[in-house]
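The values are calculated or read from the model by the stated rules, or taken from the named source; none is laboratory data. This is a predicted model, so every value here is computed, not measured. Virtual Cβ from ideal backbone geometry, glycine too; neighbours counted across all protein chains shown.
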Amino acid sequence: MKKDNIKKLLMFIPGFRSHKTWKMIVASIYYFIAIITGVTNGFGAFLFFISAPFWIFSIVDLVTHKKKAIPVQKVIISFFISFVLMITGITISSQAEQNTTNAKSVPAETENTDSKENNINEESKSKDTADVANATQNTDSKEEKTSSKLNGKLKIHYINVGQGDSILIQQGDATMLIDAGPDANTTANYLKGQGIKKIDILVGTHPHADHIGGMPAVINGFEINKIYMPKVTHTSKIFENTMESIKAKGMKISTPHPGDSFKLGNADCTILAPNSSSYDNLNNYSIVLRIKFGNNSFIFDGDAESLSEGEILQKQLDIQSDVIKLGHHGSRTATSQSYLNKVNPKYAVISCGKGNSYGHPHAETMAKLKERNIKVYRTDENGTIICTSDGENIKFSCEPGSYNSSAQSKSNNTGGGGAAVKKSSTNSAPKHNPAPKQTTGSKKGETVYITSSGKKYHRSGCQYLKKSCIEIKKSDAISEGYTPCSKCNP
C-alpha cells in the first residue's frame with residue numbers, strides 16, 4: 001500500500017512519473033537547486049522555480065495526451081495551480097527587487113542648516129569686537145532656548161570667564177562642558193542663556209580653581225550624565241565643594257585613560273592625557289581631549305605643559321588638529337615647538353583674562369604662532385568666541401585677535417590682528433609694588449587665592465573670594481605685588 005501511494009504521488013511530480021533513474025536524478029538536482037535558490041533569493045524565487053516544471057509538463061500532457069497518462073481534468077487542475085504559483089512567485093520577486101532599488105536610491109536624510117546663523121566667515125571683518133556672548137545670546141536666544149539641537153553642526157563656545165577656562169561643545173542634541181571657569185555663576189548663567197538643561201559629558205581638566213571654580217554650580221544646576229576628572233586630589237575649598245556636589249548628586253567620577261574614546265553626537269572624542277599617575281606640577285594632570293567631526297578636528301589642552309605634551313608625542317597618536325585651545329592660557333611653559341609642529345593647527349584659541357597678573361599669553365608663545373601664521377582668537381580681546389564646523393568648513397564668530405603678549409596689550413590700544421583692546425580700569429593688572437619680605441614661617445609652595453580685580457591674597461574660604469577665586473602660589477603672589485588680606489591673615 002505504501003509503495004502504491006508513493007507511486008500515485010510521484011505521478012504528479014515531473015521527473016519522477018516515468019520512474020526512470022536518470023530522470024529522477026536530474027529532477028532531484030533541479031529541485032535541490034530550486035530550494036537553494038529560494039533560500040538565497042527569497043520565497044518568490046522558490047515558488048517560481050518549483051512551479052515551473054509542473055506548469056511546463058501540464059502543457060505537454062495536454063498536447064500529447066495518451067491513454068495511460070494522467071486524466072485530463074487532473075492535468076488542467078495541475079496547470080492552473082502551477083500557473084498561479086508561478087505568477088505569485090514572479091510578483092513577490094519583483095516587489096522585493098523594487099523595494100531594494102528604492103532603498104538604495106533614497107539619499108541619506110540631511111540635516112537642516114541653522115535657521116539663524118550668526119557666525120561670519122573666518123576671513124570677514126567685524127566692526128564690533130566687544131564680548132560676542134551677549135550679541136549671540138540676544139539674536140539666537142529664542143531658537144536655542146527651545147532646543148539645543150544644532151542640525152548636524154559642531155558648535156564650540158570658548159566662554160569668556162576671565163582668567164580661566166570654560167568650553168561648551170554641542171553636536172546635535174549632545175552637550176559637553178570642559179571646565180567651568182573661576183567663579184560660581186559665569187558659566188552656569190551662560191549655559192542657561194543658551195537653553196542648556198542637560199550636560200552629557202562634564203570634564204574637569206584638573207583641580208585648579210580657575211578651571212573648576214564654577215563646577216559646583218554647574219553640577220547642582222544641570223542634569224549631568226558623566227563626569228571625567230583626573231585621579232588627583234587637592235586641598236582647596238573649591239575642590240572640596242566640587243566633590244561634595246558630585247557626592248550629593250549620587251554620581252561617580254570616571255578616570256580618563258589615554259586612548260579612551262567616546263561619542264558626542266556624531267563627533268568622535270579621544271582622550272590623550274594625562275599619561276602618568278604622578279606629577280610635581282598639578283597642571284600636567286590636565287585632561288587633554290581631541291575631537292574629530294567630519295574632516296575637521298579640535299584639540300583642548302587644559303593647562304597641560306610641555307612635560308605632558310612630550311608624553312603625548314611619545315604615544316605617536318594622531319593629534320593633528322585644525323583648532324588648538326592652547327595649554328595654560330598661552331603660557332611659555334606650554335605649546336612647545338615640537339608639539340605645535342605635530343598638531344599643525346590653522347587656528348589657536350587662548351582663554352585668558354584681560355590684564356591678568358600672570359602675563360598670559362606670553363610673548364614667546366605668541367611669537368611661535370605668528371611665525372607659523374596661525375590665526376589667534378583670544379577671550380581677553382574677543383570676549384566669548386564661538387566656532388562652528390559643518391565637518392568641512394570652520395567659521396568663527398569674530399575676527400582674529402592680535403599676536404600681542406599680555407604685557408604688550410597693556411601698553412597698546414589696538415592689536416596687530418585687528419582686534420581692538422579696550423582699556424578697563426576694573427580689569428587692569430594691579431601695579432607691581434616692590435615685593436615685601438616673606439615672613440619667617442611662610443612656605444615657598446603654599447597655595448593662596450587672589451581675585452580678578454583685587455590686590456590682596458587670601459586663605460581658602462575667605463569672604464572676599466565669593467565672586468572670584470584664582471589659585472596661586474604664595475611666593476608668586478608676593479612677587480606679583482599682592483599683599484595679605486587683613487581679614488583671613490593668610
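Every residue, every condition in (1) aromatic (Phe, Trp, Tyr); (2) over 13 Å from the mean Cα position of the chain (by Cα); (3) within 21 Å of VAL349 (Cβ to Cβ); (4) assigned by TED's automatic domain parsing to the domain that holds THR255, yes or no:
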{"site": "ASN266", "(1), (2), (3), (4)": "no, no, no, yes"}
{"site": "ARG290", "(1), (2), (3), (4)": "no, no, yes, yes"}
{"site": "ASP301", "(1), (2), (3), (4)": "no, yes, yes, yes"}
{"site": "GLN314", "(1), (2), (3), (4)": "no, yes, no, yes"}
Subject >> Filter result for GLY213 (in contact (Cβ under 8 Å) with a residue 60 or more places away in the chain and surrounded by 19 or more Cβ atoms within 10 Å (Cβ to Cβ)) >> reply: yes
Original post:
Would the stretch 400-416 turn up any residue that is at pLDDT below 75, assigned to a loop (DSSP other than H, G, I, E, B), on the phi > 0 side of the Ramachandran plot and not assigned by TED's automatic domain parsing to the domain that holds ASN281?
Top reply: no
Original post:
Out of ILE219, ILE224, ILE159, ILE238, which single residue is in the same structural domain as LYS292 (by TED's automatic domain parsing), touching a strand residue (DSSP E or B) at 6+ places or on another chain (Cβ under 9 Å) and under 27 Å from ASP390 (Cβ atoms)?
Top reply: ILE159
Original post:
If you check every pair at least six apart or on different chains, which have Cβ atoms under 6 Å apart with a residue in the stretch 325-347 that is without any contact (Cβ under 8 Å) to a residue 24 or more places away in the chain first and a residue that is surrounded by fewer than 23 Cβ atoms within 10 Å (Cβ to Cβ) and not charged (D, E, K, R) second?
Top reply: none
Original post:
Restricting attention to the stretch 351-373, and to residues there that are among the aliphatic types (A, V, I, L, M) and without any contact (Cβ under 8 Å) to a residue 40 or more places away in the chain, which single residue is surrounded by the fewest Cβ atoms within 10 Å (Cβ to Cβ)?
Top reply: ALA367
**OP:** Can you run down the residue pairs with Cβ atoms below 8 Å, 6 or more apart or on separate chains, where the first is in the stretch 250-274 and under 19 Å from LYS153 (Cα atoms) and the partner is in a loop (DSSP other than H, G, I, E, B) and not hydrophobic (A, V, I, L, M, F, W, C)?
**Re:** GLY265/GLY172; GLY265/ASP173; ASN266/GLY152; ASN266/GLY172; THR270/GLY259; THR270/ASP260
Original post:
Given (1) at pLDDT below 70; (2) over 23 Å from ASN160 (Cβ atoms), where does LYS473 come up short, assuming only one miss?
Top reply: (1)
**OP:** Select from the stretch 43-53 the residues that are out of contact with any Ser or Thr (no Cβ under 6 Å at 6 or more places or on another chain), surrounded by 17 or more Cβ atoms within 10 Å (Cβ to Cβ) and not β-branched (Val, Ile, Thr) and list them in ascending order.
**Re:** PHE46, PHE48, ALA52, PRO53
Original post:
Can you tell me which of THR388, THR384 is modelled with pLDDT of 95 or more and touching a helix residue (DSSP H, G or I) at 6+ places or on another chain (Cβ under 8 Å)?
Top reply: THR384
Original post:
With (1) modelled with pLDDT under 95; (2) of a type outside the set (Ser, Thr, Tyr); (3) over 29 Å from SER357 (Cα atoms); (4) surrounded by fewer than 19 Cβ atoms within 10 Å (Cβ to Cβ) as the list, and GLU223 as the residue in question, which single condition is left unmet?
Top reply: (1)
